[in-house]
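One structure below.
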Amino acid sequence: MEKKYSVKPTPIPKLISAQDLLEGKRLYQSRGCGDCHDVDGSGKTFINDPAIGTMSGANLTSGKGGILNDRTDEELAIAIRHGVGKNGRALIFMPSTDFHGMTNQDVAKLIAYLRSAPGIDKEQGEIKPGPLGRFLFLIGEIPILVSAEQIDHESNHLDSLKPTISVEYGKYVAATCTGCHGMTLVGGPIQGAPPEWPPAQNITKKGLSHYTEVSFLEAIRTGKRPDGSEIKFPMPWQSLAKLTDIELKALWLYLQSI
């Protein structure tokens, strides 16, 4: 957790159009950023457990206590995609393995939206891994605690990727799912989650055998499975419902391929 990381900055396009800002807002909502940074970007405490620890998302606005005015776009991109803060130290519990593959254009839209949003005065919440959280990290059960250790910081980033109903684009979208469902998407206990949280489901072809493309899209949009049962917390279907039809159909194709 004290290790310093050196990441070469990648130039981030400066985007200001209304369309880009709107897309940045959708990316913020659909990629689950609000789960840790709240719907308004001001940050919140999302885990508060004596054993696992206390985890809080940063205030991503320009208000007092926020980090936005003190970061360049390139530094924000490194935080998002590499899990490394301005001082080179790892960001604790930042799921950058979900976002490492995000294109320069998508990162730019996300950052442009954050810079356009109102500043909110709110101090940073506590970040303090507990004894069980540290132990589970040491034995490899919570790698997300220091995602910077899992990422290839020498890899290049794509500038853009055209949204298409394809396995390739579906894999790009599916990166959002790995934080809970694991890198192989077979599910299991969610990293760092309190014991009362249910395990993540297997979302490979085998795990989704009772779904069709139509029922899969409907479940994400409505929060109800094919049998009528409700998809319950912590599955963030309300966020994923912001995915476009192209994204969801591509995601379905990819999940059916593994």
Some residue of segment 85-104 being over 17 Å from GLY125 (Cα atoms), of a type in the set (D, E, K, R) and assigned to a loop (DSSP other than H, G, I, E, B): yes
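Tell me, which residue of segment 1-54 that is outside any loop (DSSP other than H, G, I, E, B) and in contact with a Gly (Cβ under 6 Å, 6 or more places away or on another chain) is surrounded by the most Cβ atoms within 10 Å (Cβ to Cβ)?
Filtering first and then ranking leaves GLY53.
So that you can scan it fast, the table gives a plain yes or no per residue for (1) surrounded by 16 or more Cβ atoms within 10 Å (Cβ to Cβ); (2) under 25 Å from GLY170 (Cα atoms); (3) among the charged types (D, E, K, R); (4) modelled with pLDDT of 95 or more:
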site	(1), (2), (3), (4)
ASN104	yes, yes, no, yes
VAL107	yes, yes, no, yes
ARG115	yes, no, yes, yes
GLY119	yes, no, no, yes
LYS122	yes, no, yes, yes
GLY130	yes, no, no, no
GLY133	yes, no, no, no
LEU138	no, no, no, no
Which numbered condition ASN156 misses (of (1) loosely packed, with under 14 Cβ neighbours inside 10 Å; (2) closer than 30 Å to PRO50 by Cβ): (2)
Test: residue in segment 177-191 that is under 18 Å from PRO234 (Cβ atoms), over 19 Å from the mean Cα position of the chain (by Cα) and either surrounded by 13 or more Cβ atoms within 10 Å (Cβ to Cβ) or not assigned by TED's automatic domain parsing to the domain that holds ASP106 (or both): no
The one condition in (1) over 25 Å from HIS100 (Cβ atoms); (2) in contact (Cβ under 8 Å) with a residue 12 or more places away in the chain that GLN19 fails to fulfil: (2)
Residue count, segment 201-245 (criterion: among the aromatic types (Phe, Trp, Tyr) and either assigned to a loop (DSSP other than H, G, I, E, B) or without any contact (Cβ under 8 Å) to a residue 12 or more places away in the chain (or both)): 2
Test: residue in segment 62-83 that is of a type in the set (S, T, N, Q), closer than 30 Å to LEU161 by Cβ, in a loop (DSSP other than H, G, I, E, B) and assigned by TED's automatic domain parsing to the domain that holds GLY130: yes
Sole exception among (1) touching a Pro at 6+ places or on another chain (Cβ under 6 Å); (2) not assigned by TED's automatic domain parsing to the domain that holds PHE233 for SER116, by number: (1)
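The values are calculated or read from the model by the stated rules, or taken from the named source; none is laboratory data. The model shown is predicted, which means the values in this text are computed figures rather than measured ones. All Cβ positions, glycine included, derive from the backbone under ideal geometry; neighbour counts span all protein chains shown.
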